[in-house]
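Contents: one structure, followed by commentary.
Throughout, read-outs are computed from the coordinates displayed, never taken from laboratory work. In this text the structure is predicted, and so the values were computed from the model without any measurement. Every residue, glycine as well, gets a Cβ built from its backbone with ideal geometry; the counts of neighbours run over all protein chains shown.
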Amino acid sequence: MDLLNAFVALSNFVLVPAIAYGSQLALGALGVTMIYGILRFSNFAHGDTMAFGTMATILITWWFQGMGLHLGVLPTALLALPFGIAACMVLLLFTDRAVYRFYRAQKAKPVILVIVSIGVMFVLNGLVRFIIGPGDQRFADGARFIISARDFKEATGLDEGLAIKSTQGITVITAVIVVAALFWFLNRTRTGKSMRAYSDNEDLALLSGINPDRVVMVTWLIVAGLATIAGVLYGLDKSFKPFTYFQLLLPIFASAIVGGLGSPLGAIAGGFVIAFSEVFITYAWKKVLGYLLPENLEPSGLVQLLSTDYKFAVSFVILLIVLLFRPTGLFRGKAV
Amino acid sequence: MTGRNAYQDDRGNKDRSITNPDGAGETPLRDGGPAVAAPGGGPFLIGEAMTGGYGRSGPDILHDCTIAVDRGEIAVIVGPNGAGKSTAMKAVFGMLDLRQGHVRLDGEDISALTPQARVAKGMGFVPQNHNIFTSMTVEENLEMGAFIREDDISGTMEQVYDLFPILREKRKQAAGELSGGQRQQVAVGRALMTEPKVLMLDEPTAGVSPIVMDELFDRIIEVSRTGIPILMVEQNARQALEIADKGYVLVQGRNAYSGTGKELLADPEVRKSFLGG
């Protein structure tokens, strides 16, 4: 038995990656849950919105790199991020103006907006592939590790190494800052409160003199910010590929629903629940168990519950369990 | 119904994991026009000869209906169920399209204004249902009431707390957790936060106990004493007419009787049909 090595191995392969992935999902789910709460539909175009924002950021990152602009140990993408967010804001305001506004004026039922968002999804999907191509893009630069496995081993003398990638560190720190700022905005500022009021009761918000067009606009702007940040962090941590971002829709929706749709706190909790379950179930536990169990009980197989190819099944199953047993989600969002 | 709006077809709309019908508004969005100066005279607020119904092609609910309130007065609209009382209030507030008639406020024709523009003009409205933000605290409800104001609102908030002391106690509590009577107080308080020039109440005593109802009536009289004209719809016709300076009896969207509260209470026809003898 070697608890310390087991814990380090667990942290290295499960905890650290899951926390980073969970933060990315949480940011994505926050965007979905805001649209659900304020514009009242599930936005299927969210994954591709993330892809568009990330694509814009990548293009600007390459341009900066070409000009020799660097942030030292930090990735250049952080410098390009505000421009990417701005590009995504322009895109979302344009789609709202060109597409969603018409349906709002008709007082269209939410289910119609859901279908409309699927249409927007296909268009964005094509647009992103048209501009940057369907292939894999890497754009991370700067220092690769905060702590590398070898340094960790040398410093502690343990057999197992713990590596923390700088992108993982950046992901968690950025997520904390963004979430804190969002909660402050929604609970403390006049505009934030007016958005909650509009989400609670549209007609009464109108009777209080709250301008619905402004609420909708601010919502899209915030969603553009959240989606781009989530997308860029995911892309830095792994890599950017349009199809992967489209596929991210499932874990993101699962996070939002597990946490409770319409509840920002739930979106964050849901993000971590989904991320941890995915990583736990697709991780090969042989090494950790090898440290924990007596020698004669050491597993001979990989002890991997599910191949990583099936990781989406995990989100699906959790989604099903939550919908069956606690349809309002962990944080009592709107009843599903 | 003819002219059904295909965008409002509700099929497939029950899946709450993708659609969220909560809190969705029914007020049609429209581009407002400007307020026009109207020839002087007449009451402070008047909806004159209003004809209209819901939607662009819905049937008319109001027919040539007139309701008005003057400074320092309480005007009450009574009538049987389905008489169009609430519809008349909504029409005055611009929440449905008028096909004929005008709404004038303080010497201006405001028929073209959107509801939110009418709030800015000094009208306060407390709807019958869904009249508070349930997920927000009492204090946030009052803050939202004062959304259009740029000046310091703490004075007005104190006044509202003085009028409804229970709200001061519960100000950090979510409004949705309050009792029926307290919710109505929040609703009226929210409308008072804009410091309206006229207050419109749609059945403020619906669904509260008789004791709470008496208390609410007292508060409404208190508000009216501060000089705010009040236009309200009421189910409890007798009690409402007793405090009314002016009363309107609507039947099927038409003015059936009107007069001072006392006149209507004394009118044998009105007594027989609406006040139970």
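Computed from the Cβ-Cβ distance with R0 of 56 Å, the FRET efficiency linking residue B:179 to residue A:295 stands at 0.25. Each other residue within a Cβ distance under 13 Å of residue A:290 adds +1 if Lys or Arg and -1 if Asp or Glu, for a net charge of -3. With bins 5 Å wide beginning at 0, the percent of Cα pairs of segment A:2-81 falling in each bin runs 3, 12, 13, 13, 14, 15, 12, 9, 5, 2, 0. Over all directions, the projected convex hull of the C-alpha atoms in segment B:1-55 averages 7.1 nm² in area.
Between residue B:7 and residue B:269, the modelled labels are 4.5 nm apart [label points 7 Å from Cα along Cα→Cβ]. About its Cα centre, the dipole of segment A:153-302 is roughly 420 debye, where the only charges are +1 on Lys and Arg Cβ and -1 on Asp and Glu Cβ. The gain in end-to-end length when the residue B:195 to residue B:37 segment is fully stretched comes to 54.6 nm, 0.36 nm per residue minus the alpha carbon separation. For segment A:1-138, dividing the convex hull volume of the Cα atoms by the residue count gives 155 Å³ per residue. Taking a quarter of the surface of the Cα convex hull of segment A:274-336 gives a mean projected area of 5.6 nm². Helix A:212-237 and the longest principal axis of the C-alpha atoms of chain A enclose an angle of approximately 20°. The long axis of helix A:16-34 is offset from the longest Cα principal axis of chain A by roughly 10 degrees. Averaging over all projection directions, the Cα-based convex hull of segment B:84-207 occupies 8.0 nm² in the image plane.
Springs between alpha-carbon pairs under 10 angstrom, Gaussian network model over chain A: which of A:192, A:37, A:271 fluctuates most? Greatest mean-square fluctuation among the candidates belongs to A:192.
Between residue A:325 and residue B:106, the FRET efficiency estimated from the beta carbon spacing at R0 = 41 angstrom works out to 0.10. Please grab the % of Cα pairs in the protein assembly as shown that end up more than 42 Å from each other. Here the long-distance tail beyond 42 Å is 37 percent of all Cα pairs in the protein assembly as shown. Charged neighbours of residue B:118, selected by a Cβ distance under 14 Å, balance to +1 (K, R count +1; D, E count -1). Distance between the 7 Å Cα→Cβ label points at residue A:3 and residue A:93: 5.7 nm. Among B:250, B:275, A:236, the order by Cβ neighbours within 10 angstrom, fewest to most, reads B:275, B:250, A:236. Beta-bridge orientation, chain B: approximately 55 percent antiparallel, per DSSP, counting only bridges with both partners inside. From the P(r) of segment A:3-325, could you give the percentage of C-alpha pairs in the tail past 27 Å? Tail of P(r) above 27 Å: 47 percent of Cα pairs. The fewest-to-most ranking of A:48, A:309 by surrounding Cβ atoms within 10 Å reads A:309, A:48. Shape descriptor for chain B: Rg over Rh equals 0.96 (Cα atoms; Rh from the Kirkwood inverse mean 1/r). Please tell me which of these pairs span more than 19 angstrom C-alpha to C-alpha: B:90/B:121; B:90/B:272; A:109/B:14; A:241/A:286; A:193/B:90? Over 19 Å Cα-Cα: B:90/B:272; A:241/A:286; A:193/B:90.
GNM remark for chain B: springs join alpha carbons under 10 Å apart, and the peak mean-square fluctuation among B:64, B:106, B:31 falls on B:31. Placing unit charges on the Cβ atoms of the charged side chains and taking the dipole of chain B about its Cα centre, the candidate lying farthest along the positive direction among B:237, B:258, B:7 is B:7. Where in segment A:1-33 does the label zone of residue A:181 land, with the point 7 angstrom along Cα→C-beta and an amide N cut-off under 19 Å? The answer is A:23-33.
Can you check what the Kirkwood hydrodynamic radius comes to for segment A:213-288, Cα pairs only, in Å to one decimal? So the Kirkwood estimate lands at 14.1 Å. Under the rule a/c < 1.5 gives rounded, and otherwise a/b versus b/c splits prolate from oblate, where does segment B:93-151 land using the Cα gyration tensor? Oblate, because a/c is 1.5 or more while a/b does not exceed b/c. About its Cα centre, the dipole of chain A is roughly 1140 debye, where the only charges are +1 on Lys and Arg Cβ and -1 on Asp and Glu Cβ. Just checking the listed ones, B:181, B:41, B:145: in the Gaussian network model of chain B with Cα springs under 10 Å, the one fluctuating most is B:41.
The calculated 222 nm mean residue ellipticity attributable to helices in the protein assembly as shown amounts to -16000 deg cm²/dmol, summing -39500 (n - 2.57) over DSSP H runs of n ≥ 4 and dividing by all residues.
I need the Debye-formula profile for segment A:139-182: one equal scatterer per C-alpha, no solvent, reported as log10 I(q)/I(0) at q = 0.18, 0.32 1/Å, two decimals. With one equal scatterer per Cα and no solvent, log10 I(q)/I(0) is -0.62, -1.00. Here the label points at residue A:302 and residue A:138, each 7 Å from Cα along the C-beta direction, are separated by 2.3 nm in the simple model. Could you state the angle between the C-alpha long axis of helix A:190-200 and the longest principal axis of the C-alpha atoms of chain A, as a value from 0 to 90 degrees rounded to the nearest 10? Taking the Cα atoms of chain A, the angle to A:190-200 is about 80 degrees. Each of B:138, A:279 has some number of other Cβ atoms within 10 Å of its Cβ, and from fewest to most they run A:279, B:138.
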